[in-house]
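Each value in this text was obtained by applying a stated rule to the coordinates, not by laboratory testing. This structure is a prediction, so every number in the text was calculated from the model and none was measured. All Cβ positions, glycine included, derive from the backbone under ideal geometry; neighbour counts span all protein chains shown.
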Ligand code: SF4
C-alpha cells in the first residue's frame, strides 16, 4: 500500500470529495487491477492505466484502494484531492 492510499482511508469521505487514481511505471502488467476492477483499469501497451484519473465516489475510491493493496508492485496510487 502506498502512503497516498493510506491517506485515503485516514480521511472521512464527504460529498465533495474527489480522488486521483494513477498507475506508475512500476507496473509489471500482472493484470490484477483489471481482474478486480475492470471498470477502473485498462491496458495500454504493456502497462495498466486508470479509465478515469479522477473519481468522486467514496465507494469507488475504497474499491480502487483495495485493488491498490493487491497490486504486487504497489504501482497504483489513490490520492484525495
Ligand atoms: S495490478 Fe499493478 S502491476 Fe498488475 S497491471 Fe495493475 S497496476 Fe500493473
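Observations on the structure shown:
- Going from the residue with the fewest nearby Cβ atoms within 10 Å to the one with the most, 76, 32 rank 32, 76.
- Gain in span if fully extended, residue 56 to residue 17, counting 0.36 nm per residue against the direct Cα distance: 13.4 nm
- Stretched out straight at 0.36 nm per residue, the stretch from residue 81 to residue 43 would grow longer than its current Cα-Cα span by 11.2 nm.
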